[in-house]
Amino acid sequence: MASSALQINPESHILLDQPLLRVPQELLRKTFKTSQKHIERDTSLLLSTLKDLTKTAVSSDDPSSTSTAAVESLDTMITRFKTLKRKLDSLHTTELTLHSQSRRRLDHLDQLYAIPSLDTPAYTKWSSTRLDRMLVDYLVRQGFGETARALAEERGVTELVDVEVFVNCARIAERLRAGSTAEGMGWCGENKTSLKKMGSNLEYELRLQQYIELIRDGKKLDAISYYRKYMAGSSTPIEELRKAAALLAYNPDTPYEPYKSLFAPSRWEYLAQHFIRTHHQLFSLPPRPLLQIALTAGLSCLKTPACHARPPSAPSAGGSAPSGSSSATTTRPTTPTEAEAPSAPSPTATAFTSPTSTLCPICSTELNELAKVVPYAHHTKSEVAPDPVVLPNMRVYGRAQLEEFARRIGLREGWVRDPITGEEWAEGEGGVRSVFIA
């Protein structure tokens, strides 16, 4: 039976996997709404046409002309419904694909509940798949769409990632940076109901930009008409509407705020970032890549003050104690071998690392710099090394750790060194004392 330390808590593992199921759900909702809109529109048109044909047939005195008009109308309706059928077939294919993705993702998460412990091959395989998903997510967020697709296909995780969703988001954002609001307005129209529930003002911001461009082009009459048609009746706060109306009184090169910022070219970048935030919020996507979130959490859990302790200046080859060391520090005599070879690095000059630094990811060259900006984790339980001892500088270590560290760096017998500060003491002179947890 697996030990408690190796048992899996599936609920904590899937904290970051909400988008895995939410994105297909949102796409299915969107597909259903699109199908419903097509059906309602064409059905309404059919009923209206049949009603008009019935009225014409009843009131007409020329059955021949009425029959001809009726046949032409029916031919038009048949053509229209064939087009509707093609649209619905396409949407149905999309629905089947989304259902397949949802089933594949549910199966992927369900596998975790069947894994007994962390040290099994099944968990290694599951974790590898999750890492592949995170890598694809990171690549596509950074704009490497083709690379993300290739990696997803190679690793067999195509149904577990949403490359097309991010590619479409990046495409609209780039069009906004290029000065075009058409694609953004189209996206707002497709998701109008959801944006309203979210309380998003993205559509208003895009309308405002179109209004600004009319003023910039000198088309103030068109700008007034646009304002009345699309902006004046919106639910936007009155202060924002007044600010937009006041733009008519300023030139694009005005030095006065807030109008200078509204006319500034940098507003296009603001719109692109606003769209990306709204898009991710709609699909419950985190604002940062999943790989970055997971890495940050892992670094924070493993980070300790010892990982970033600043080592003191290295003493001379003679082995004198570092400056500022405790008065209890005893000078270690220089051996003849050390005096004859001063160029060789002394043990004290060796980089100060913890006894387990070779196993600590945070102390590694690759992750040490990244971990500096993350906070320390909140630990509800403390673990103390067996047989703890206290050094004269009041630092506590496990006796076995200090002995292993001294052996590994070649320290002379009977001496101990603080792995963090580099200070050394002789054990027989009271340098090491046992401590007990009260």
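Would you check which residues across the stretch 146-170 are farther than 20 Å from residue 98 by Cβ and surrounded by 13 or more Cβ atoms within 10 Å (Cβ to Cβ) and list them?
Once the filter is applied, which keeps residues that are farther than 20 Å from residue 98 by Cβ and surrounded by 13 or more Cβ atoms within 10 Å (Cβ to Cβ), the stretch 146-170 yields 147, 150, 151, 155, 170.
Please determine whether any residue of the stretch 118-134 is aromatic (Phe, Trp, Tyr), out of contact with any strand residue (DSSP E or B) (no Cβ under 8 Å at 6 or more places or on another chain) and not assigned by TED's automatic domain parsing to the domain that holds residue 235.
Yes, that holds for at least one residue.
Can you tell me which condition residue 208 does not meet? The list is (1) assigned to a helix (DSSP H, G or I); (2) of a type outside the set (Val, Ile, Thr); (3) surrounded by fewer than 13 Cβ atoms within 10 Å (Cβ to Cβ), and all the others hold.
Just one mismatch for residue 208, condition (3).
With the condition kept exactly as written, say whether any residue in the stretch 115-134 is open to solvent by less than 60 Å² (accessible area, probe 1.4 Å), more than 30 Å from residue 241 (Cβ to Cβ) and in contact with a Phe, Trp or Tyr (Cβ under 9 Å, 6 or more places away or on another chain).
Yes: one or more hits.
Please indicate, with yes or no, whether at least one residue in the stretch 359-369 is under 30 Å from residue 426 (Cβ atoms) and either open to solvent by 60 Å² or more (accessible area, probe 1.4 Å) or at pLDDT below 50 (or both).
Taking every residue of the stretch 359-369 in turn, at least one turns out to be under 30 Å from residue 426 (Cβ atoms) and either open to solvent by 60 Å² or more (accessible area, probe 1.4 Å) or at pLDDT below 50 (or both).
Taking residue 213 as the residue in question, decide whether it is open to solvent by 40 Å² or more (accessible area, probe 1.4 Å) and within 17 Å of residue 181 (Cβ to Cβ).
Yes; evaluated as a whole, the condition is true for this residue.
Of the numbered conditions (1) farther than 30 Å from residue 39 by Cα; (2) out of contact with any helix residue (DSSP H, G or I) (no Cβ under 6 Å at 6 or more places or on another chain), residue 133 fails exactly one; give the number of that condition.
Of the numbered conditions (1) farther than 30 Å from residue 39 by Cα; (2) out of contact with any helix residue (DSSP H, G or I) (no Cβ under 6 Å at 6 or more places or on another chain), the odd one out for residue 133 is (2).
Among the listed residues 91, 106, 139, which satisfies the condition of being without any contact (Cβ under 8 Å) to a residue 24 or more places away in the chain and either outside the structural domain of residue 32 (by TED's automatic domain parsing) or of a type in the set (A, V, I, L, M) (or both)?
Just a single option satisfies the conditions, and that option is 139.
Hey, could you check the stretch 217-232 for residues that are in a loop (DSSP other than H, G, I, E, B) and over 38 Å from the mean Cα position of the chain (by Cα) and say which is farthest from residue 195 (Cα to Cα)?
Going through the qualifying residues, I end up with 218.
Could you give every pair whose Cβ atoms fall below 8 Å, whose first residue belongs to the stretch 33-47 and is open to solvent by 100 Å² or more (accessible area, probe 1.4 Å), and whose second residue is in a helix (DSSP H, G or I), counting only separations of at least 6 or pairs across chains?
Note: pairs meeting the criteria are 33/193.
In the stretch 370-410, what count of residues is obtained for those that are assigned to a loop (DSSP other than H, G, I, E, B) and either open to solvent by 20 Å² or more (accessible area, probe 1.4 Å) or under 18 Å from residue 304 (Cα atoms) (or both)?
21
Return the total of residues in the stretch 1-52 being under 30 Å from residue 137 (Cβ atoms), of a type outside the set (A, V, I, L, M, F, W, C) and assigned to a helix (DSSP H, G or I).
Number satisfying all stated conditions: 17.
Can you name every one of the helices (runs of 4 or more DSSP H) wholly within the stretch 233-303 that holds 1 or more residues which are farther than 15 Å from residue 215 by Cα and not basic (Lys, Arg)?
So the answer is 238-246, 267-282, 290-302.
The values are calculated or read from the model by the stated rules, or taken from the named source; none is laboratory data. The structure presented is a predicted model; accordingly, all values stated were derived computationally and were not measured. Using ideal geometry, Cβ is built from the backbone for each residue, glycine included, and neighbour counts are taken over all protein chains shown. Each accessible area value is taken on the protein alone, full model and side chains, heavy atoms only, with ligands, DNA and RNA left out. Shrake-Rupley method; radii C 1.70, N 1.55, O 1.52, S 1.80 Å.
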